[in-house]
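Structure first, commentary second.
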Amino acid sequence: MATEEYVHVPSRASEGLDEAPSITIAVQAGLSPRLYNSDLAPTTREGRHWSAYSIFALWANDVHSLGNYVWAIGLFSLGMSGGAILGSLAFGALFLFLLLTLSGFMGEKTGVPFPVMSRISFGIHGAQIPALLRGGVAIAWFGIQTYLASQVLQVVIIALAPGATALQEGSFLGLSALGWITFLALWIVQSVIVSYGMEMIRKYEAFAGPVILATFVSLAVWVLVQADFQISWANDDPLTGGELWLHMLGGASAWVAIYGTFVLNFCDFTRGAKSKKSIIKGNFWGIPINMLFFGTMVVILAGGSFTINGAAIASPADVVAAIPNTFLLVLASLALIVLTIAVNLMANFVAPTYALTNLFPRHLNFRKAALLSAVIGLVILPWNMYNSPVVIGIFLNGLGALLGPLFGIIMVDYWLIKKQRINVPQLYSEHVTGEYHYRRGFNPRAITALAISGAIALLLTFVPAFQVVSQFSWFLAAGLGALVYSIVADRRGPFHDVAAGDIAVTPTH
């Protein structure tokens, strides 16, 4: 048997080997080295360590991202009252709880990451399409979020060493000397964390979650004290009647759209979940409960600041900048940096790492792919992308518009067409009779559904005539993807439900 026909899988306890070392064996039944390595392999049950708290900690970090606060505080500026903001977030949270729980169950059942999960619908090679679309969006935002965090770090450095202001003069490739120092420092920190794999990310998220919650509670208390515990529940020109309800539902839809990327690859995390119960509990406390807590913080920060200054703030960073004590300002700024790193790791680093691993499984493992992702996030000079309305508005929004249809297609295929009957070993087989081989490794029906619904999603995103429904574009796009695929999908089967068995791997990092 040729060398390329061998893949690395661990010796199994079922063979009577206790704590036996891994061996290289020939898998004549069909594992392909172009589809399988130890990081793409299904996870063993005993190797799963993501508890309900681990999943809650993901949301404790991600929900409280600075970008989310900027968006939600913007609702206050648009005329929504504090109660309307809470109602809008509550509607969105209920939708997200349902969508993310269904998505999470897929990872818990199969134990596979998103690129491998995509093979179910798009074929063993066609899965590169959703994986690279998701990874492409994430890798750009990884660089942008690192750049935004580096700006906060510059504030910290200047607060501690005012002489560092001189390093902000001049520019090389769009950044000052201090800009390069802070960006590279945070870039290195994140690269080191992610190079140790999903287990290290889990530990970091578990550490960062309480830090973030305590920080925002402290900021809220500080604002309340400054406002003599009086907060404005609306600005000077509040919305009413039907216009208010339209904005509330639009806000709920936009809240779901913000997580349109994450609902796709939530299985990257839940493949390590201990049970479905862990997912439900983690999602319950992390989404509806935590999001209402987030909404309360928004109302206090925005309404309290409006009471103090007569104007709405744009971001929690504005509250931090107003702290008169240098020591407390530095602590709060460092907490925001901890938060941004946590959000970046889960939302923008894991997806491209698995996408690149899936693209070159013979040459890249999780660590190498993570470092490659980091390098790409650096060489694209993300600060220039962030400062370009064309790039943000067309490139990233265009890619993002395609994620809704992808979600609709994958969910309909898994839950309604195949009804959870997944042949996990066949996800790694290139045999022409393989269950997910389709036509030369591509499922033309899924690709057709993506082309049709994706084209409509792009129209909804970029054509001014559709601006009135733009807030609901993710739901419309996901619904179109689901509808078109449900019409064109091959329902004949048979669809086999086969567990991973001996090809499952206990994660080593």
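Side notes on the structure shown:
- For a paramagnetic label modelled on Trp71 (point 7 Å from Cα along Cα→Cβ), amide N atoms under 19 Å away belong, within segment 459-485, to 460-462, 467-479.
- Selection from Leu460, Pro444, Gln420, by position along the positive dipole direction of segment 418-469 (Cβ): Gln420
- Binned Cα-Cα distance frequencies in segment 357-509 - 10 Å width, integer %: 10, 26, 30, 26, 8, 0
- At R0 = 22 Å, FRET efficiency that the Cβ-Cβ distance of Leu328 and Lys203 yields, to 0.05: 0.20
- Folded to 0 to 90 degrees: helix 128-160 orientation relative to the chain principal axis, Cα: 30
- Solvent exposure ordering (accessible area, 1.4 Å, most first) of Lys109, Lys368, Lys277: Lys277, Lys368, Lys109
- Acute angle (nearest 10 degrees) that the helix 177-195 long axis makes with the longest principal axis of the chain, alpha-carbon atoms: 40
- Heavy-atom accessible surface of segment 257-396, averaged per residue, reaches 36 Å², computed with a 1.4 Å probe.
- Of the peptides 442-448, 129-135, 457-463, the order by per-residue mean of other Cβ atoms within 10 Å, starting with the highest, comes out as 129-135, 442-448, 457-463.
- On the basis of the beta-carbon distance and an R0 of 25 Å, Arg491 and Lys276 show a calculated FRET efficiency of 0.45.
- At the residue level, Ser81 shows approximately 40 square angstrom of accessible surface with a 1.4 angstrom probe and all protein chains present.
- Here's the picture: charge each Lys and Arg Cβ at +1 and each Asp and Glu Cβ at -1 in segment 163-285, and of Val256, Ala214, Ser275 the one pushed furthest to the positive end of that dipole is Ser275.
- For the chain, carbon and sulfur atoms together expose 66% of the accessible surface, with a 1.4 angstrom probe and every protein chain in place.
- One Cα centroid belongs to segment 38-89, the other to segment 247-315; the line between them spans 5 Å.
- Between Val505 and Thr43, Thr44, the built amide H atoms are under 5 Å apart, and every one of these is 5 or more places off in sequence or on another chain.
- Summing charges over all other residues whose Cβ lies under 14 Å from the Cβ of Asp497, with Lys and Arg as +1 and Asp and Glu as -1, gives +3.
- Loop-located chymotrypsin sites (Phe, Trp or Tyr not before Pro) across segment 111-196 with a Cβ neighbour count of 16 or fewer within 10 Å are Tyr196, with loop assigned by DSSP.
- Charge dipole (segment 36-176, unit charges on Cβ, about Cα centre) - positive-most of Gly79, Ser121, Leu132: Ser121
- Projected area, mean over directions - segment 441-508, Cα convex hull, nm²: 8.0
- Of His437, His247, the residue with the largest accessible area leads and the full order is His247, His437 (1.4 Å probe).
- Paramagnetic reach from Ile380 (point 7 Å along Cα→Cβ, amide N under 12 Å) across segment 135-155: 135-146
- Sorting the segments 320-333, 345-358 by their mean number of nearby beta carbons within 10 angstrom, highest to lowest, gives 345-358, 320-333.
- Computed about the Cα centre, the dipole magnitude for the chain is approximately 1140 debye when only Lys and Arg (+1) and Asp and Glu (-1) carry charge, each at its Cβ.
- Note on Ala311 and Asn387: with the Förster distance fixed at 30 Å, the Cβ-Cβ geometry gives a FRET efficiency of about 0.75.
- Distance histogram in 10 Å bins (all Cα pairs of the chain, percent per bin): 4, 18, 28, 26, 15, 6, 2, 0
The values are calculated or read from the model by the stated rules, or taken from the named source; none is laboratory data. Computed from a prediction, not measured in an experiment: that's the story for all the values here. With ideal geometry, Cβ positions are generated from the backbone for all residues, glycine too; neighbour counts draw on all protein chains shown. Just so you know, the surface numbers come from the protein's heavy atoms only, side chains and all, with ligands and any DNA or RNA stripped out. Shrake-Rupley method; radii C 1.70, N 1.55, O 1.52, S 1.80 Å.
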